[in-house]
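The values are calculated or read from the model by the stated rules, or taken from the named source; none is laboratory data. Please read all numbers here as calculations on a predicted model, not as lab measurements. Here the Cβ positions follow ideal geometry from the backbone for every residue, glycine too, while neighbour counts run over all protein chains shown.
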Amino acid sequence: MQVAGAGTEACMEYPRVLLVDGSPTQSARLSFVLEQSGYAVSWAKNGAEAQEMALTLSPDAILSEVNLAGLDGIAFCQQVKQHPELLKIPVLL
């Protein structure tokens, strides 16, 4: 997403957050709050999907639930921090 500044020709991208949560309801609620605060939000339902999306999207931050199906939040965080393209992205569990 891009927003044009009022009265300027410059465009600014919203900070991108990757939200990792197995609950569509909780994800929708949190996405709404983050979007209202000026963030672009992408949602992954599990750690494996999140890892693929992180590589594709290069988010500014990752917000993950700990209890995920399959690859849990802690293992996902460890994999992110071991990947050279992702290791500088902050991860909040």
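Miscellaneous remarks
- Answer from 68, 92, 86, 63 - the residue that is buried (at least 17 other Cβ atoms within 10 Å of the Cβ) and under 11 Å from the mean Cα position of the chain (by Cα): 63
- Test for residue 82: is it of a type in the set (S, T, N, Q) and at pLDDT below 95: no
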